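First comes the structure, then the notes that go with it.
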Amino acid sequence: WRAEDELLARPVAVKVLRPQYANDPDFLDRLRSEARAAASLNDPGVVAVFDVGEDDGRHFLVLEYVDGQDLKAIIRSEAPLAPDRAVAIGTAVARALGKAHAVGMVHRDVKPQNVLVASDGRIKVADFGIARAMSTVGTTAPGIVLGTVHYLAPELAAGGSATPASDVYSLGVVLYEMLTGRMPFDADSSVGVAMKIMNEDPEPVERVNPRVPPALARTVHRAMSRSASERHRDANALADEL
């Protein structure tokens, strides 16, 4: 929800948790802890966390309000994006993730829906605290998938642990989607998508969109390597290459 901070006279975003999470005390403790960690990032490329609270049983986060739209909406309406624009957006996202990686944080849910593009062109990465706290809930509760399946790194699809390299893979998928207007893998079910992620290589990005320069294609393919050791070690390394 968009709301007004009456004390400081500024617009803010209020994210209200669904009841299935609000009734889990362990999750709430983890959320508060991760919200504090996310707030400590204090980076212009990360959506700021201002507060976390509860009102009449409803738990919420108070976040920086970003006047703009998410990257998914831009991809749906404008993709494939020009390579230089995709590089600019990808680099901004990688730099924001890199600040988190440098202090030991991993996002775990990098996807275009969590990348906000402000009306003045600034790029903001959202939902650090929520994605991290969700990792303690598991994937068996109703409606919960840790990380949208199309953007999951192969090791996460196989049940492994999140690392900076898994964030790099997810951002590689975002780059692929910006440059082609489509997902690298698709199937009739989430399980089918996960199986392809673990066992197949995507169609080369430059084959889908011949306008993608060879150097950029190599960077995208490296970021999306099925082997974590073959990817950029963290998002800062990916940003440098971009």
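The values are calculated or read from the model by the stated rules, or taken from the named source; none is laboratory data. Quick caveat, the model's predicted, so the values are computed rather than measured. So basically every Cβ, Gly included, is an ideal-geometry build from the backbone, and we count neighbours across all protein chains shown. Note: areas computed on protein heavy atoms with side chains; ligands, DNA, RNA excluded. Shrake-Rupley method; radii C 1.70, N 1.55, O 1.52, S 1.80 Å.
A few comments on the model shown:
- A 1.4 Å probe, protein heavy atoms only, puts the accessible area of VAL87 near 30 Å².
- The string of couplings for the range 47-62 from the Karplus curve (6.51, -1.76, 1.60, θ = phi - 60°) is 4, 6, 9, 9, 6, 9, x, 8, 9, 6, x, 9, 9, 8, 10, 10 Hz, one whole number per residue in order, with x for Gly and Pro.
- Size descriptor for the range 1-124, Kirkwood hydrodynamic radius: 15.9 Å (Cα pairs only, one decimal).
- Average Cα contact separation per residue, the chain, under 8 Å, 6 or more apart, as relative contact order %: 20
- Extension gain from GLU64 to SER161, taking 0.36 nm per residue of separation minus the Cα-Cα distance: 32.0 nm
- Inverse mean reciprocal Cα-Cα distance (Kirkwood Rh) of the range 64-114, Å: 12.3
- Acute angle (nearest 10 degrees) that the helix 190-199 long axis makes with the longest principal axis of the chain, alpha-carbon atoms: 50
- Spatially near lysine pairs across the chain, Cα under 21 Å, sequence gap of 8 or more or different chains: 9
- Within the chain, DSSP assigns beta bridges of which about 95% are antiparallel (rounded to the nearest 5).
- Each 5 Å bin from zero up to the one holding the largest Cα-Cα distance in the range 150-233 carries the following percent of pairs: 3, 17, 28, 26, 17, 7, 2, 0.
- Inter-label distance, nm, simple model (7 Å from Cα along the C-beta direction), ARG233/ASP26: 3.4
- A cut-off under 15 angstrom between Cβ atoms defines the neighbours of TYR151, and their net charge, with Lys, Arg +1 and Asp, Glu -1, is 0.
- Cleavage-rule hits (GluC sites (Glu not before Pro)) in the range 32-106: DSSP loop, at most 10 neighbouring Cβ within 10 angstrom: none
- Angle between the chain longest axis and helix 83-102 axis [Cα atoms, degrees, rounded to 10]: 50
- Per the Cα gyration tensor, the range 24-83 maps to an equivalent ellipsoid with semi-axes of 30, 14, 11 Å, ordered largest to smallest.
- Once the gyration tensor of the Cα atoms in the chain is diagonalised, the equivalent ellipsoid follows with semi-axes of 30, 21, 16 Å, ordered largest first.
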